[in-house]
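The values are calculated or read from the model by the stated rules, or taken from the named source; none is laboratory data. Quick caveat, the model's predicted, so the values are computed rather than measured. Counting neighbours? That spans all protein chains shown, and the Cβs are built from the backbone with ideal geometry, glycine included. Accessible surface is based on the protein model in full, side chains and every heavy atom, while ligands, DNA and RNA are left aside. Shrake-Rupley method; radii C 1.70, N 1.55, O 1.52, S 1.80 Å.
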Amino acid sequence: MFKQLLLILLSLCCAATTAHPLSTAQWKKDILTLQASVKQHHINPFHTISEGAFDQHVSQLLNKVPDLNEAEIEVQISHLLASLGDGHSSYNLMSGSHRHYPFNFQFFGEQLRVIAAAKPYQHLIGSELVAINHVAISELQKKLQPYISGVDNIYSFKVRFAFQITIAKLLFGSGVSREQYTTKFTFKHNTMTNTHTVKAVTMHQFAQITSPFKRANPALTWQPIKLDGIRFATLPAYDTVYIDFDHYPEPLSVITQCDAIQKTIRKSNANALIIDFRGNGGGNFYSGLALSSCLLPLDQFDWQNKIAVLIDHVTFSAAMSNAAQFKSLLNAQIIGAPSGGDPNHYSETHRLSLPHSHRRYSLSKRYYSFSSVSSDALYPDKHLTQSWDEYQQGIDQPLLSTLSLFKNLQR
């Protein structure tokens, strides 16, 4: 889950830098450019906030700029885009010079745990993060909520929060941290609570952090189909084909591999199909539609009862769209946790950069409606999540439960 989110952010973050600090006049020009581009490029910028309120926020920020440091300005710009209220309008705090605190975090229920850490802190893996600079995590979510953009609902907020609290710029610019690259993290392990003063590391060092936890159960044998981001496994004991849709290839590559996909699946003689969009933050949903078109001619599946799509809080943008489409196109059951994306959402990012700081941001340029009723998320037909104990043991309980569900059905 974290790996896919990091890959998306890395693909967007690191080209824009400034050699020297910007002047007050330059920052003001960037903010005015942002204000104009919101009105020019967003398909419906004021669906959540009124234009008058947005303009007032801009004016207030322009007045404050002379008294703000760079991090504070950037956090306030992120606040402007967060106020638009949709997940594809966002400010990239990583597009300029930045550092990270050396942890990967993930929520399990309301507990935010360390799932990976740099070498000096690996003894903290599995611990619960309870506070940053003595601000409790529950209070920190409320404090940072206005500044975290790229959010459709509470579920994508928690995913973004777990990642963005590693960005030193956010903590410093929002006033959580008193120092630019150092702050205090408080962890709880069993009944013991300890506070560590932690220094931020470079983006390169942060990207080297890997989780020690791997899926062990069920064991999967991957088929030799060459398709970037999509892997296929057959599970003969369950008469099931499992497709791990981790990230998005180009639609043409899916079309090119369709014959190989169909041949592999027919050979398996499986009658059940699981498509896994967990951890998938989006891409080109036409690739997903190309996959569905390739799968639909396969008569061996029990299209009435044994098709499932797995989702979680990371499932966003095109992944959420494809999951909603597959519910109709493939008659799939949706299994897992609510998606981070809204089925009726502003989408298709228009990526831009500011003229002086070269910081990057995005605005929504399309609107899609995948649900006939108002909803903030794609909610599963069957709610299944992975507990912390299951995660650290490598037990994929949502997948195991889906396999067992299909096995118990008549062929």
Any residue on another chain or 5+ positions along whose placed amide H is under 5 Å from the amide H of Ser364 is listed here as Ile43, Ser89, His350
Per the range 36-86, sqrt(5λ) over the Cα gyration tensor eigenvalues, sorted largest first, in Å, gives 21, 11, 9
Along the range 258-268, Karplus-curve 3J(HN,Hα) (6.51, -1.76, 1.60; θ = phi - 60°) to the nearest Hz, with x for Gly and Pro, reads 4, 4, 5, 4, 5, 4, 5, 5, 4, 4, 6
Karplus ³J(HN,Hα) for the range 95-102 (6.51 cos²θ - 1.76 cosθ + 1.60, θ = phi - 60°; Hz, whole; x = Gly/Pro) runs 7, x, 4, 7, 9, 10, 7, x
Judged on accessible area alone, 1.4 Å probe, highest first, Phe277, Phe213 line up as Phe213, Phe277
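With the Cα gyration tensor of the chain in hand, convert its eigenvalues to equivalent ellipsoid semi-axes via √(5λ) and list them largest first in whole Å.
38, 26, 18
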dims of the range 60-125, Cα set, principal axes, largest to smallest, nearest Å -> 46, 27, 19
Rg from C-alpha atoms of the range 69-170, normalised by the globular rule of thumb 2.2 N^0.38 Å, equals 1.07
Under a 1.4 Å probe, counting only protein heavy atoms, Thr349 has an accessible area in Å², nearest 10, of 40
Kirkwood radius from Cα pairs of the range 254-341 plugged into Stokes-Einstein at 20 °C, 1.002 mPa s, gives D in µm²/s equal to 163
Projected onto their principal axes, the Cα atoms of the range 315-398 stretch, largest extent first, over whole-Å spans of 49, 36, 20
Computed on Cα atoms, the radius of gyration and Dmax of the range 210-262 in angstrom are 12.7, 36
Compactness check, the range 90-133: C-alpha Rg relative to the 2.2 N^0.38 Å globular estimate gives 1.35
The Cα extents of the range 257-411 along the principal axes, largest first and rounded to whole Å, are 62, 40, 32
Computed over the Cα atoms of the range 149-277, the Rg and Dmax in Å are 21.5, 61
Applied in sequence order to the range 289-298, the curve 6.51 cos²θ - 1.76 cosθ + 1.60 (Karplus, θ = phi - 60°) yields integer Hz couplings, x standing for Gly and Pro, of 5, 4, 5, 4, 5, 6, 7, 4, x, 7
Relative to the chain, whose Cα atoms define the longest principal axis, helix 2-13 and its Cα axis are tilted in degrees, nearest 10, by 50
Placing each pseudo-label 7 Å from Cα in the direction of the beta carbon, Gln122 and Thr48 end up separated by a distance in nanometres of 3.9
Between the modelled labels at Val373 and Arg178 (7 Å from Cα along Cα→Cβ) the distance in nm is 5.1
A student asked for the Cα radius of gyration and Dmax of the range 89-234 in angstrom ought to give 16.9, 53
So the FRET efficiency between Ala237 and Asn331, C-beta based with R0 = 25 Å and rounded to 0.05, is 0.55
Taking 397-403, 149-155 and ranking on average Cβ neighbours within 10 Å, highest first, one gets 149-155, 397-403
Which of Lys226/Lys382; Lys64/Lys142; Lys119/Lys382; Lys158/Lys407 exceed 30 Å between C-alpha atoms? The answer is Lys226/Lys382; Lys119/Lys382; Lys158/Lys407
Over the chain, with neighbouring protein chains present, the accessible area per residue in Å² at probe 1.4 Å is 44
If one builds a Gaussian network model of the chain from Cα atoms under 10 Å apart, the most fluctuating residue listed among Gln304, Gln257, Gln145 is Gln304
